[in-house]
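Trainee: Just passing along the structure, written as structure tokens.
The values are calculated or read from the model by the stated rules, or taken from the named source; none is laboratory data. Just so you know, these numbers come straight off a predicted model, no measurement behind them. Cβ atoms come from the backbone with ideal geometry, glycine included; neighbour counts cover every protein chain shown.
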């Protein structure tokens, strides 16, 4: 039997957790906030929490002495992480995705595994490459899910970042109809992207997302799993204004928190989830949802468009006009066109291919093939305008493409999720403020509740 989760009262701190739990359960029964009590008895909700818990090796205890870290004081990191686990167990989400877990400390790891294990979770951990000390931990509650497959993605890039992919199936039927019951299968990803220390790392971050989506696509094809929901969780180290956010959205993914609160792109300031080491506050923690039967343009096409938008933003950052940008991409070519050689040279000067983890020669060839629309080996001003200066940045598949897909591909009825509710803690961050008395982490945990939905053939849900 599922327990409905994610209905806690967040107006109080860590004290009085038993009272909070009672209030949470009462609200759940009334169907308030993120509870599932108002959903028909034939449906069962699932919940998911993502939380960057700030590894003690990174937590600074003094602004004056930057070398003084929490990892040097066991009492400090032990107490803080015990409180984090307490809060996770109060929430009792079906899925828990943690980032910056101090995997280099066996005592801390065992504490998480034991306490979560005693509460019914099975845990999977993955350290960052090159012994960076921290990593990811994903926990599935066995009352909710059984794990069919577990995969590890090692990016082996500049930031030694990694990702976890779990293919899971609900332990009981999420949908109980008159003629059938459905035990839903889901793909869940947990990751932590590179921090954008400077512009040159923007392309690395896009590559990390591209690798995740490419891996998912390959996994689905290999196992014939196209018709299942995908949930992406983690610390994406970028806001709604960034290229990563728009790239994911162009592939049909929905930001759960923005969806349920009906926030648009201009509402990026209305919520935050992180105060970074520079003292800036921003919203960087997301739980993305992609339902089956969501019509998408080819992944490589979206990737190329994302890079073109990155090129344009770099050109505009240099205060170049349209004509000057075209002249820059021509380099020293005396003719009124961009050649492949000048294009490669310009990418190098823009910092997109001038480092080991920048664009590869194959990436550059793919970009050139898309920008040279008539295939004559040069790019004229009109092609430059259409593909680089005024690209179809991050747009979803247009209506004509969708209609063509519907005519050529019959997709059977399947099941997905609606975003029922989403909450950030502490409550101040939902109003775009960072409370000074919050000490669990430099990130706010995000919890989302999903309710199952039946998707008719050829349709999608939001």
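Trainee: State all residues of the range 139-189 that are at pLDDT below 85 and within 24 Å of residue 454 (Cβ to Cβ); if no residue qualifies, say none.
Mentor: Looking only at the range 139-189, we keep the residues that are at pLDDT below 85, and these are 158, 172-183.
Listed by number, the residues that qualify are 172, 173, 174, 175, 176, 177, 178, 179, 180, 181, 182, 183.
Trainee: Right, here's the next one. Would you check which residues across the range 354-371 are touching a residue at least 24 places away in the same chain (Cβ under 8 Å) and either crowded, with 19+ Cβ neighbours inside 10 Å or part of a helix (DSSP H, G or I) (or both) and list them?
Mentor: Matches in the range 354-371: 358, 359, 363, 366, 367, 368, 370, 371.
Trainee: Which one is surrounded by the most Cβ atoms within 10 Å (Cβ to Cβ) among residues in the range 287-321 that are in contact (Cβ under 8 Å) with a residue 12 or more places away in the chain and part of a loop (DSSP other than H, G, I, E, B)?
Mentor: 291
Trainee: Tell me whether the range 197-219 contains one or more residues that are surrounded by fewer than 21 Cβ atoms within 10 Å (Cβ to Cβ), assigned by TED's automatic domain parsing to the domain that holds residue 147 and more than 30 Å from residue 314 (Cβ to Cβ).
Mentor: Yes, there is a match, as at least one residue in the range 197-219 is surrounded by fewer than 21 Cβ atoms within 10 Å (Cβ to Cβ), assigned by TED's automatic domain parsing to the domain that holds residue 147 and more than 30 Å from residue 314 (Cβ to Cβ).
Trainee: Would you point out which residue out of 272, 260, 284 is buried (at least 17 other Cβ atoms within 10 Å of the Cβ), over 30 Å from residue 225 (Cα atoms), in contact with a strand residue (DSSP E or B) (Cβ under 7 Å, 6 or more places away or on another chain) and touching a residue at least 24 places away in the same chain (Cβ under 8 Å)? Spell out the reasoning first.
Mentor: Values: 260 fails: over 30 Å from residue 225 (Cα atoms); 284 fails: over 30 Å from residue 225 (Cα atoms).
Every option except 272 fails the conditions.
Conditions (1) under 13 Å from residue 387 (Cα atoms); (2) in contact with a strand residue (DSSP E or B) (Cβ under 7 Å, 6 or more places away or on another chain), marked per residue:
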| position | (1), (2) |
| --- | --- |
| 292 | no, yes |
| 299 | no, no |
| 305 | yes, no |
| 313 | no, no |
| 326 | yes, no |
| 331 | no, no |
| 339 | no, yes |
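Trainee: Hey, among the residues in the range 440-459 that are out of contact with any strand residue (DSSP E or B) (no Cβ under 8 Å at 6 or more places or on another chain) and at pLDDT below 95, which one's surrounded by the most Cβ atoms within 10 Å (Cβ to Cβ)?
Mentor: The initial filter retains those residues of the range 440-459 that are out of contact with any strand residue (DSSP E or B) (no Cβ under 8 Å at 6 or more places or on another chain), namely 440, 456-459.
Now restrict to residues that are at pLDDT below 95: 456-459.
Details: 456: 12, 457: 11, 458: 16, 459: 14.
Here the residue is 458.
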